[in-house]
Amino acid sequence: MTKLYFVRHGKTEWNLESRYQGSGGDSPLLTQSYEEMEELAKHFYDVDFAHILPVQLSELE
């Protein structure tokens, strides 16, 4: 059976300030986001991915 996983980027300071992010600037990830990524990596450790498809901001606009 095929499974599809969606993973969103981590939070940044600009997210907390409700500021627009993208080609006009970049804000570093919060420490909490790095901790969440480590937990997510543990969850996916044994998953045998056939494909990983990153999506760019420009593709969502």
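Can you check what the net charge comes to around Ser33, using other residues whose Cβ is under 13 Å from the Cβ of Ser33 (Lys, Arg +1; Asp, Glu -1)?
Value of the local net charge: -3.
If you place +1 on the Cβ of every Lys and Arg and -1 on the Cβ of every Asp and Glu, how big does the dipole about the Cα centre of the chain come out, in debye to the nearest 20?
140 debye
5 Å is the cut-off here: which amide hydrogens, built 1.01 Å from N in the peptide plane, fall below it relative to Leu30, excluding neighbours closer than 5 in sequence?
For Leu30, whose amide H was placed from the backbone, the distant partners under 5 Å are Lys11, Thr12, Glu13.
If you take the Cα atoms of the chain, find Rg, then find the Kirkwood Rh from the mean of 1/r over all pairs, what is Rg/Rh?
Dividing the radius of gyration by the Kirkwood radius yields 1.02.
Computed from the coordinates by the stated procedures, all read-outs in this text should not be read as laboratory data. As the structure is a prediction and not an experimental result, all values here were calculated from the model. A quick note on method: Cβ atoms are made from the backbone with ideal geometry, for glycine too, and the neighbour counts reach across all protein chains shown.
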